[in-house]
Amino acid sequence: MQNPFRRVRIGLAVLALVVVAGTVGYLLFGFSLLDALYQTVITVTTVGFNSPHELTAGGKAFTMVLILVGVGTALYTFSSVLEVLIEGHMRDLVRRRRMERDIAGMSGHVIVCGWGRVGREVARFLANSDRDVVVVDRDPERLDQVPYPCVMGDVSDDETLRQAGIERAGALVAALNTDADNLYVTVAGKSLCPDIQIIARARTDSSESKLVRAGADRVVNPQQLGGDRMASFVIQPHVVDFVDVVMHDGTLEFRLEELAVSPASPLAGNTLRSAHLRDRTGALVLAIRRPDGGFLTNPAPEDVIEAGDVLISVGTAEQLGALAAFAARP
């Protein structure tokens, strides 16, 4: 989007140049510095006061040229300022500057590229999970409805992603309408920040492998997920309802969360029985994901918790918080 203040800056710069040129011109006609500046200002503004010195023929010709150039420049600058004020660009500028400061102070936030149906749902869920969100889209009308910090620009421009703070972001969601755009965002995101987690949307099956090769950590096909969920409602409606409530709805106090076990955690090297997680925290470990990506579902009390494991646990917010604190306790 063209900067609405560009015309104002150009007008002010040209007006200042006209004043300087007029002052220098009158100095050459024998005016003092103050008289030369005074004569230039009353000429450009068409105030019409008497000249402090008698003008020669050359001075009169110079004054006529200065009136034509100066008045035109002043009118251009004045109309540009009025346009900015009347069209509300000043309010937009203040809002944009505030958002830029907010984005500059973020770290570990999630960049959502594309404010369509998928992007809106992703941003809503992340915001409800207390994650900072920055939305990137090229359509100014759609961004007017975004309740989160946003950046307007083309995702094909690396500077747009930098404005969204990609160097400090924790994840990027490519939720654009076409697989080609999502592929480009994935490549650009990994090139600017190799460690960032990228979740990409795919509309066709053939694009999934391409997005993975481009650097996407996860690829989601909304059509496939929607079909699977509809079929699940036919086969196991109550199970689907329970998972939806636990994961998304928020009406139940129980939550599903994951907890990574660091090498310094006291859980590393202990069995589930010796760790006494259920007794000490109240949270229940449903599964363990090993560092190689495999899942150990419904783990037995004798199963050993290893460094690098991810514990998939269920419990209330207080129980899960107690589990996280206990796992990090030295």
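Just a few scattered comments:
- Computed from Cα positions, the angle between helix 33-44 and the longest principal axis of the chain comes to roughly 80 degrees.
- For region 147-274: rounded, prolate or oblate by the Cα gyration tensor [a/c cutoff 1.5]: oblate
- Our estimate of slack between residue 97 and residue 212, defined as 0.36 nm per intervening residue step minus the Cα-Cα distance, is 37.8 nm.
- Helix axis angle, 117-128 relative to the chain longest principal axis, alpha carbon, degrees: 80 degrees
- Rounded percent of accessible protein surface that carbon and sulfur make up, the chain, 1.4 Å probe: 59 percent
- Relative contact order of region 159-308, pairs being alpha-carbon contacts under 8 Å that are 6 or more residues apart, as %: 14 percent
- Rounded to the nearest Hz, the phi-derived 3J(HN,Hα) couplings of region 63-68 under the Karplus curve 6.51 cos²θ - 1.76 cosθ + 1.60 (θ = phi - 60°) are 5, 5, 4, 5, 5, 4, where x marks glycine and proline.
- Region 239-322: relative contact order in percent, alpha carbon pairs under 8 Å with at least 6 residues between: 38 percent
- Estimated distance in nm for a label pair at residue 67 and residue 41, the labels positioned 7 Å out from Cα along Cα-to-Cβ: 2.0 nm
- Using the Cβ-Cβ distance between residue 306 and residue 104 with R0 set to 41 Å, the FRET efficiency from 1/(1 + (r/R0)^6) comes to roughly 0.55.
- Expected 222 nm ellipticity per residue - DSSP helices of 4 or more, -39500 (n - 2.57), all of the chain, to 500: -16000 deg cm²/dmol
- Remark: relative contact order (the chain) = 10 percent; criterion is Cα-Cα distance under 8 angstrom and separation of 6 or more residues.
- Rounded to the nearest 0.05, the FRET efficiency derived from the C-beta distance between residue 317 and residue 29 at R0 = 56 Å is 0.10.
- Amide hydrogen proximity for residue 255: with H placed 1.01 Å from N in the peptide plane, the residues at 5 or more positions away or on another chain lying under 5 Å are 315, 316.
- Rounded, prolate or oblate (a/c below 1.5 giving rounded, otherwise prolate when a/b exceeds b/c) for the chain by Cα gyration tensor: prolate
- Take the Cα of residue 124, step 7 Å toward its Cβ, do the same at residue 162, and the gap between the two points is 3.5 nm.
- Residue 143 versus residue 57: modelled label distance in nm, points set 7 Å from Cα along the beta carbon direction: 5.9 nm
- Ordered by 1.4 Å accessible area with all protein chains kept, 276, 109, 238 run largest first as 238, 276, 109.
- Length gained on full extension, residue 76 to residue 225, computed as 0.36 nm times the residue gap minus the Cα-Cα distance: 48.0 nm.
The values are calculated or read from the model by the stated rules, or taken from the named source; none is laboratory data. None of the values given here were measured: they were computed from a predicted structure. Note: ideal-geometry Cβ built from the backbone for every residue, glycine included; neighbour counts use all protein chains shown. Heads up: the accessible areas ignore ligands, DNA and RNA and are worked out on the full protein's heavy atoms, side chains in. Shrake-Rupley method; radii C 1.70, N 1.55, O 1.52, S 1.80 Å.
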